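The structure appears right after this line, and notes come after that.
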Amino acid sequence: MAKAVSVRGLTKAFGPRTVLDGIDLEVEPGEFVALLGRSGCGKSTLLRILAGLDREVQGRAEVPGTVSIAFQQPRLLPWRKVWKNIALGLHRPDGRAVALKALEEVRLTDHADAWPLTLSGGEAQRVSLARALVREPDVLLLDEPFGALDALTRLAMHHLVEDLWIRHKPAVLLVTHDVDEALLLADRILVLDEGRIVATHHVDLPRPRRRASVVEQRTRVLADLGVDVEEAA
Amino acid sequence: MTLSIAGVAARPKSVPPKQARKLKLPLRWISPIALVLLWQLASSTGVLSPDKLASPVTIAESAGELIADGQLGDAFAVSITRVFFGFLLGGLVGVVLGLASGLSRWGETLLDPPVQMLRTLPHLGLIPLFILWFGIGEEPKLALVASGVAFPLYLNLHAGIRQTDPGLVEAAKVLGYSRFERIVHVVLPSAVPQTLVGLRIAFGTAWLSLIVAEQINADAGLGFLINNAREFLRTDVVVVGLVVYALLGLTTDALVRLLERRVLRWQKR
Ligand SMILES: Nc1ncnc2c1ncn2[C@@H]1O[C@H](COP(=O)(O)OP(=O)(O)O)[C@@H](O)[C@H]1O
Ligand SMILES: [Mg+2]
């Protein structure tokens, strides 16, 4: 079976600065991959390339299927109603019905006719997720989609994303700098540093995962990020 | 009593409670009314000569006469027509150029520099040229109004388009919008608030341009009414004309604000 994402020797420089330095990465269809790394290490750059937003690169980055993306900011069109935000670009005559169904999945049917600026941060992010998923993507790119949310909303979003992923089974590439988030959701964790993938962790814990069950592996991942938890504890 | 105090304390930033508001509106009218009374007093006692400024009562009477004999209505219609067609012409030019330079890189490269240079000219100073080019009929008046309208519309539409959040455009690209859809659903709507600012400025300059343009050799319109009255020392008619100008300006301003409220419903208030 073809890979959902296939990246080989991907290098990206902004002027003299090399941001991605020979990345090799393959993602299986339906696999959930988390990309961890410090801010500025090139995570968003990689996602933008995979989304086809940046084509001035060296090396190969192939995403054969359809791609969808959700960003840290929901990036909804404030002047279009919520349902319209989801339906636009789909080019389907039954756009509203499809949008309503997608809103049902993120439990926001009531807000279909609301203006996006009246939504809370978590609600807007759920609309953004619904908008990404309604395209039935083969690859779903999530660039720190929970980064701007409060801790409680974030927990609810973790469950929602896992649910949606299990139901639709796209390959997911989730960028985050929250180790717990990565351990709760991902099959595989990649640690990115200075434009290279410096570590890979397979997470074989059964789902649904609990916080306690991830503690042991957490220490090892954190060590790869240069954080010594023994000291912190 | 306690209840009302609690109510006030609970909404510190909201509108003042009803009673205070009821009192406030008449309070604001005290000094304007006093001024008019003072003015009337000065006129009645002969301190203020009618050659300098007619009394409020005389002005009101003249307004009634001018309306009754149709003079004001005719002048009004002529002036409105000038502004309408001048605005249409200038609006068309401003919007077409603004779209061209906002939406296309070539358009911007070719159009923006000359427009930015021309806008530094005070457009009311163009009258001598317009008279030489178009004579002294309706054309120079339309041209003056049009040039007063085109620049603010161009500048604000162009700026509005350029201010589009690149993040939204990026998202639209990944989500499969065509280029046309990106323009219609992302770029143009995000330029609307700034364009409405331009529209308001354009109406302001349109009226100003009209007033100035009607000083040149008008044989009809509000400006003619005013100039004619000046020759006969009819300060009452002059003031009536000025009041009509002011009311027209207020009306278009209110219309734009109405439009704003409709078109920008999506904005959080
Ligand atoms: N368009 C750009 N031009 C120049 N430098 C950029 C551009 N986009 C990103 N960078 C730089 O590339 C580096 C990686 O950015 P990014 O991928 O956004 O990091 P992050 O891992 O935090 O998402 C940063 O140092 C950033 O300054
Ligand atoms: Mg980033």
Please report Rg (one decimal) and Dmax (integer) in Å for the Cα set of the protein assembly as shown.
32.7, 102
Would you work out the relative contact order for chain A, in percent, from Cα pairs under 8 angstrom that are 6 or more residues apart?
27
Cut-off under 5 Å, modelled amide H: who pairs with residue A:193 long-range
A:198
Report, as an integer, the average count of C-beta atoms from other chains found within 10 Å of each Cβ along B:173-186.
5
Average Cα contact separation per residue, segment B:66-263, under 8 Å, 6 or more apart, as relative contact order %
26
Just counting partner chain Cβ atoms within 10 Å, what average do the residues of peptide A:47-53 show around their Cβ?
2
Dimensions (Å) - segment B:88-147, Cα atoms, principal axes, largest first:
39, 22, 14
In the structure shown, do any of A:43/A:169; A:3/A:43; A:101/A:169; A:81/B:173; A:101/B:173; A:12/B:268 have a Cα-Cα gap over 28 Å, and if so which?
A:12/B:268
Give me the 1.4 Å probe accessible area per residue for the protein assembly as shown, excluding ligands and nucleic acids, in Å².
53
Heavy atoms only, probe 1.4 Å: what % of the accessible area of chain B goes to carbon and sulfur, would you let me know?
71
Reduced to Cα centres, the span from segment A:156-182 to segment A:24-100 in Å works out to 14
Per-residue ellipticity at 222 nm attributable to helices in chain B (runs of n ≥ 4 DSSP H, -39500 (n - 2.57) apiece, nearest 500 deg cm²/dmol) works out to -26000 deg cm²/dmol
Let me check I have the definition right: for segment A:66-176, take the eigenvalues of the Cα gyration tensor, multiply each by 5, take square roots. What are those semi-axes in whole Å, largest first?
19, 17, 12
For segment B:221-226, in order, what is each residue's ³J(HN,Hα) by Karplus, 6.51 cos²θ - 1.76 cosθ + 1.60 with θ = phi - 60°, in whole Hz (x at glycine and Pro)?
x, 4, x, 5, 4, 5
Carbon and sulfur: what percent of chain A's accessible surface (1.4 Å probe)?
49
Relative contact order [Cα under 8 Å, 6+ residues apart], segment B:37-122, whole percent
11
Interface B-A: total buried accessible area (1.4 Å probe, Å², nearest 100) of 2000
For chain A, what is the calculated [θ] at 222 nm in deg cm²/dmol (nearest 500), taking -39500 (n - 2.57) for each run of four or more DSSP H residues and dividing by its residue count?
-9500 deg cm²/dmol
Report the semi-axes of the equivalent ellipsoid for chain A in whole Å, largest first, where each axis is √(5λ) for an eigenvalue λ of the Cα gyration tensor.
29, 22, 16
Can you bin every Cα-Cα distance in segment B:66-263 into 5 Å intervals starting at zero and give me the percent of pairs per bin, rounded to whole numbers?
1, 8, 14, 16, 16, 14, 11, 8, 5, 4, 2, 1, 1, 0, 0
Cα gyration tensor, segment A:105-147 - rounded (a/c under 1.5), prolate or oblate:
oblate
Averaged over its residues, how many other protein chain Cβ atoms are within 10 Å of peptide A:68-77's Cβ atoms?
4
Restricting to bridges with both residues inside chain A, how much of the DSSP beta-bridge set is antiparallel, in percent to the nearest 5?
50
Compute, for chain B, the length of the dipole vector about the Cα centre, with Cβ point charges of +1 (Lys, Arg) and -1 (Asp, Glu) only. Units Debye, rounded to 20.
1800
Expressed in angstrom and rounded, the centroid-to-centroid distance over alpha carbons for segment B:40-87 and segment B:161-207 is 43
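The values are calculated or read from the model by the stated rules, or taken from the named source; none is laboratory data. Not measured: the values here are computed from a predicted model. Cβ sites come from the backbone with ideal geometry, for glycine too, and all protein chains shown count toward neighbours. Remember, those area values only see protein heavy atoms, side chains included, never the ligands or the DNA or RNA. Shrake-Rupley method; radii C 1.70, N 1.55, O 1.52, S 1.80 Å.
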